[in-house]
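The next block holds one structure in the form of structure tokens; read it before the comments.
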Amino acid sequence: MSKQTLRTIGDDFPKEQARLRELLVGYREIGPVGRFGAMLIEEVLKRADHAVMAGDVVAMIRLYKEMQGFE
């Protein structure tokens with residue numbers, strides 16, 4: 001029997017925030033062309049940080065899905 005790893009929002013949410021912070025650097029580096037994308041990423045990260053500080057799990061789940069949409 002294989003052992004499955006149980007993934008939780010508590011584990012994956014900070015990883016997704018970190019991924020977006022790295023992505024944000026790339027958007028900023030491409031100059032004016034990336035400004036709009038960087039602004040969107042900054043906004044979702046701001047809301048994600050607020051949800052974590054508030055302990056709002058429902059918002060975290062919604063934001064997690066939103067963060068996954070950024071490439």
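The values are calculated or read from the model by the stated rules, or taken from the named source; none is laboratory data. Keep in mind the model is a prediction, meaning the values are calculated, not measured. No Cβ is skipped: glycine too gets one built from the backbone with ideal geometry, and neighbour counts run over all protein chains shown.
Numerical summary
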item: Check on Glu71, out of contact with any Leu (no Cβ under 7 Å at 6 or more places or on another chain), surrounded by fewer than 17 Cβ atoms within 10 Å (Cβ to Cβ), not small (Gly, Ala, Ser) and not in a helix (DSSP H, G or I); result: yes
item: Verdict on Ala38 being at pLDDT 95 or above and farther than 24 Å from Val57 by Cα; result: yes
item: Verdict on Gly26 being surrounded by 10 or more Cβ atoms within 10 Å (Cβ to Cβ) and in contact with a Phe, Trp or Tyr (Cβ under 9 Å, 6 or more places away or on another chain); result: no
item: Pair list, Cβ < 7 Å and 6+ apart or interchain, from segment 31-59 residues that are among the charged types (D, E, K, R) to residues that are at pLDDT 95 or above; result: Glu42/Leu24; Arg47/Leu63
item: Of the criteria (1) in a helix (DSSP H, G or I); (2) over 15 Å from Glu66 (Cβ atoms), which one Leu6 fails; result: (1)
item: Flag if Arg35 is surrounded by 13 or more Cβ atoms within 10 Å (Cβ to Cβ) and either farther than 19 Å from Glu66 by Cβ or of a type in the set (Lys, Arg) (or both); result: no
